[in-house]
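See structure below.
The values are calculated or read from the model by the stated rules, or taken from the named source; none is laboratory data. This is a predicted model, so every value here is computed, not measured. Ideal geometry is used to build each Cβ from the backbone, glycine not excepted, and the neighbour counts take in all protein chains shown.
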Ligand code: C2O
Ligand code: CU
Ligand code: CU
């Protein structure tokens, strides 16, 4: 790597206190300087122009008629800091309505902020405005459309982008010294230069495409210095495909989940990412120089199934491992970079004032076909399903009585997992999306801090969300001002 110690850019980006660690920093500063697809806030604010488009879009060395943000898949990465004011001028050049959701951000779910009840008609625009709270954790968040009924289609066709909050985790010296690579995992189905419409069975199962891309490419190579550290910032942006990741010859050191940093690195042999989930891992390049493959291992997200394993359950994903990317050693550092000992602080949540149970299921409805339900009901935009008090902590039990796995996602407020199938969770971590396997139960604890108003929870297999597996939660002030 070239010298970073005297790079002004590095100082600006990282703060002078880190310059002593140098080295690894320059790679990132350069990558970012040359990367036109990154929009970084300056002086406490960012203004973004984002246009939803439909048309020929480059993808994995070919061109396909896709939906996108700005003609690129994934869309531009937006990078902010706690306290920033975000102004996002959104234009909809699609032939249909859409809107925007900022997945995982703790910002208001109302007004022109993270409001999934807004609709931007074809040919129109809307300016989104919100402030990232001063106390917002650093993390890997993302944006995508959220107009009920069209979410899966629009995401499947390419509308995804990263929304990164830079903060404390980025300033942990060992983390800052690592080479940073963003990894957007997203599958497509392309035939004759376009995405064919899905079949009803594809929708019910959750659609998976045979073209699996990493940042819109197939099997990219990432170079890493021998003795160096790689920081992979992973997002599963697929509507339904799961990723069971394993890096040949290297354990993964988990340092962050959906909502930001863990307290310390947690060693994993492999990592399962359900749709909507993110993770950050460090990789130590401490093996023989060479080329190592990041594999996607088979994972079956359906169990048994109503038709003896044929129709709804069984047969998902790839039957054999699939290469996603390759890590290539280049050169060697004189002194290897160490792993961090501490990566953050994860405060515990207090005792819950209330417990609730949510049952995930599905059924056949005359005239509608397969529908997906929470507590027996399909989504109704005019029904408030759950009312919670701001300033309280609740414990939610999510039980999956169906034959497919469902990743459960809650907007606005992150949660911590307490137990899975009755077994206490060891890792204390911030999550906003959690896999509830078929037949399984997850208990989580969530604190409702600020921001009154309506938000949603849903399955992040987006076809299931569109087929009804979503509910509305209303955050109310203690005076009960927003309802009973
Ligand atoms: Cu990533 Cu409600 O969604
Ligand atoms: Cu979300
Ligand atoms: Cu689901």
**OP:** Please give the strands (runs of 3 or more DSSP E) falling wholly within the stretch 76-117 in which 1 or more residues are at pLDDT 95 or above, away from ligand 3 (no atom under 16 Å from the Cβ) and over 22 Å from residue 459 (Cα atoms).
**Re:** 77-80, 85-92
**OP:** Could you tell me whether residue 350 is at pLDDT below 95, farther than 30 Å from residue 227 by Cβ, assigned to a loop (DSSP other than H, G, I, E, B) and away from ligand 3 (no atom under 14 Å from the Cβ)?
**Re:** yes
**OP:** Scan the stretch 179-201 for residues that are more than 21 Å from the chain's Cα centre (by Cα) and either part of a strand (DSSP E or B) or surrounded by 18 or more Cβ atoms within 10 Å (Cβ to Cβ) (or both) and report the count.
**Re:** 5
Original post:
Does residue 458 satisfy being in contact with a helix residue (DSSP H, G or I) (Cβ under 7 Å, 6 or more places away or on another chain), within 16 Å of ligand 2 (Cβ to nearest atom) and at pLDDT 95 or above?
Top reply: yes
Original post:
For residue 372, all conditions in the list (1) more than 16 Å from ligand 1 (Cβ to nearest atom); (2) touching a residue at least 40 places away in the same chain (Cβ under 8 Å); (3) under 30 Å from residue 216 (Cβ atoms) hold save one; what is the number of the exception?
Top reply: (1)
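Residue-by-condition table, conditions (1) within 20 Å of the chain's Cα centre (by Cα); (2) buried (at least 18 other Cβ atoms within 10 Å of the Cβ):
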position	(1), (2)
41	no, yes
56	no, no
59	no, yes
83	no, no
102	yes, yes
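Given the structure, is residue 216 under 29 Å from residue 261 (Cα atoms), touching a strand residue (DSSP E or B) at 6+ places or on another chain (Cβ under 9 Å), surrounded by fewer than 19 Cβ atoms within 10 Å (Cβ to Cβ) and at pLDDT 95 or above?
Working: under 29 Å from residue 261 (Cα atoms): yes; touching a strand residue (DSSP E or B) at 6+ places or on another chain (Cβ under 9 Å): yes; surrounded by fewer than 19 Cβ atoms within 10 Å (Cβ to Cβ): no; at pLDDT 95 or above: yes.
Answer is no for this residue.
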**OP:** Please enumerate the residues belonging to the stretch 465-475 that are surrounded by 23 or more Cβ atoms within 10 Å (Cβ to Cβ) and away from ligand 1 (no atom under 12 Å from the Cβ).
**Re:** 467, 468, 475
Subject >> Hits in the stretch 99-119 - residues which are away from ligand 2 (no atom under 15 Å from the Cβ) and within 22 Å of residue 66 (Cβ to Cβ) >> reply: 119
